[in-house]
Amino acid sequence: MSVKIVTDSTSDLPKEVAKELGITVVPLNVHFDLDTFKDGVDMEADQFYHRLLTSPVLPKTSAPSPGLFKDSYNRLAQESQEIVSIHISSRLSGTYEAALAGKQDIAKTCHIEVIDSKSASMGLGLIAIAATKAAKEGAAMNEVLKVVQDSIKGIYLAAALDTLEFLQKGGRIGRAQAWLGSILSIKPIISLAEGEVIPLERVRTRAKAVDRVYQLLEEHLPARELAVIYSTDAEEANKMVTHVKEIFPQQPVYLARFGPVLGTYVGPDSLGIITLKN
């Protein structure tokens, strides 16, 4: 039986991709005041962004319970004795620690490796895809783990946000806090380094921010895997996918969406690219 792959909903994996590859996705939680929703289960992206833009209360997020991970591992242990569980950066969420706690009892009878991806969104998603493809090709546990570690090193992420407001209020702003003095007058472009949000560039208009994302995209192509990801502007994201196919017709491209958990921090009108080089 092949190695089973688990990730979490901050991977922003399109549901059809996760289903086709057999990746188990454990949902995080989104809280609007007293209402709690499971990311991608009880609340989809359209519902979330509507509520984000109309609610007087900003949402909060929380990691899955260790028990939810335990249930997922128990179910998969009926099919395989080897599980690789890959999760959002431990600097951004307590999900990694919850997964470690969830594996404790099962680890006596099933080999479970929990990995901090040092990434998020489709950065995490592309790592999970790479691991799953290796497992489906018959890779042993140690080989899958090597693919994961190599993929972690090969991820590049850049995203243009409409504002830093949501990152700041959500407490995930990282080193981009240096820009807070100009929070209202810039369109920030951010990345991740060692699992932490870092500032890349700041420009004055959304049009310039989108143009810069295009430039960064072309600088990182071709890639083994590529994802274009957005929060609310599907038209712009589809234009970017079309652009990629025009200049690199053989380049595989995933179109994905920032789900409710990451949408809490990136906000509306966000557009990003993620590449996996090796």
Has region 120-140 got at least one residue that is in contact with a Lys or Arg (Cβ under 8 Å, 6 or more places away or on another chain), surrounded by fewer than 22 Cβ atoms within 10 Å (Cβ to Cβ) and of a type in the set (G, A, S)? no
Unmet criterion (only one of (1) in contact (Cβ under 8 Å) with a residue 24 or more places away in the chain; (2) farther than 22 Å from G272 by Cα; (3) more than 13 Å from the chain's Cα centre (by Cα)) for V26: (3)
Only one of (1) in contact with a Phe, Trp or Tyr (Cβ under 9 Å, 6 or more places away or on another chain); (2) over 24 Å from P260 (Cβ atoms); (3) polar (S, T, N, Q) is not met by S85, so which one is it? (2)
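Any chance you could count how many residues in region 264-273 are touching a Phe, Trp or Tyr at 6+ places or on another chain (Cβ under 7 Å) and closer than 22 Å to A207 by Cβ? Before the answer, list the steps.
First, the residues of region 264-273 that are touching a Phe, Trp or Tyr at 6+ places or on another chain (Cβ under 7 Å): 264-268, 270-271.
Those left that are additionally closer than 22 Å to A207 by Cβ: 266-268, 270-271.
Selection size over region 264-273: 5.
So how many residues does region 25-72 have that are of a type in the set (D, E) and surrounded by 18 or more Cβ atoms within 10 Å (Cβ to Cβ)? Steps first, answer last, please.
Keep residues of region 25-72 that are of a type in the set (D, E), which gives 33, 35, 39, 42, 44, 46, 71.
Still in the running and surrounded by 18 or more Cβ atoms within 10 Å (Cβ to Cβ): 39.
The number of residues fulfilling the criteria is 1.
Those residues that are touching a residue at least 40 places away in the same chain (Cβ under 8 Å) and either among the hydrophobic types (A, V, I, L, M, F, W, C) or surrounded by fewer than 18 Cβ atoms within 10 Å (Cβ to Cβ) (or both), I need them from region 229-266; list them, please.
At the first step, the residues of region 229-266 found to be touching a residue at least 40 places away in the same chain (Cβ under 8 Å) are 229-232, 254-266.
I229, L255, A256, F258, V261, L262, V266 - these are the residues of region 229-266 that are touching a residue at least 40 places away in the same chain (Cβ under 8 Å) and either among the hydrophobic types (A, V, I, L, M, F, W, C) or surrounded by fewer than 18 Cβ atoms within 10 Å (Cβ to Cβ) (or both).
Look at E225 and say whether it is charged (D, E, K, R), modelled with pLDDT of 90 or more and buried (at least 17 other Cβ atoms within 10 Å of the Cβ). Working first, answer last.
Working: charged (D, E, K, R): yes; modelled with pLDDT of 90 or more: yes; buried (at least 17 other Cβ atoms within 10 Å of the Cβ): yes.
So E225 passes the test.
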Candidate set: region 141-168, residues that are surrounded by fewer than 23 Cβ atoms within 10 Å (Cβ to Cβ) and without any contact (Cβ under 8 Å) to a residue 40 or more places away in the chain; chosen: the one farthest from H111 (Cα to Cα): Q168
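Can you name the residue in region 76-94 that is of a type in the set (S, T, N, Q) and within 19 Å of A18 (Cα to Cα) and, of all such residues, is surrounded by the most Cβ atoms within 10 Å (Cβ to Cβ)?
Of the residues in region 76-94, the ones of a type in the set (S, T, N, Q) are 78, 80-81, 85, 89-90, 93.
Restricting the remaining residues to those that are within 19 Å of A18 (Cα to Cα) gives 80, 85.
Working: S80: 15, S85: 26.
Only one residue fits best here, namely S85.
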Please verify whether A128 is in a loop (DSSP other than H, G, I, E, B), touching a helix residue (DSSP H, G or I) at 6+ places or on another chain (Cβ under 9 Å) and closer than 29 Å to P252 by Cα, treating the condition exactly as stated. no
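Can you tell me how many residues in region 77-112 are assigned to a loop (DSSP other than H, G, I, E, B) and within 21 Å of the chain's Cα centre (by Cα)? Even if it seems obvious, please write down each step before you answer.
Pass one, region 77-112, residues assigned to a loop (DSSP other than H, G, I, E, B): 77-81, 88-94, 103-105, 109-110.
Remaining after also requiring within 21 Å of the chain's Cα centre (by Cα): 88-94.
Of the residues in that region, 7 qualify.
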Can you say whether L192 is modelled with pLDDT of 90 or more and closer than 27 Å to S55 by Cβ, as far as the supplied structure shows? no
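The values are calculated or read from the model by the stated rules, or taken from the named source; none is laboratory data. Small disclaimer: the values here were computed from a predicted structure and weren't measured. Because the Cβ atoms are built from the backbone with ideal geometry, glycine has one as well, and the counts that use them run over all protein chains shown.
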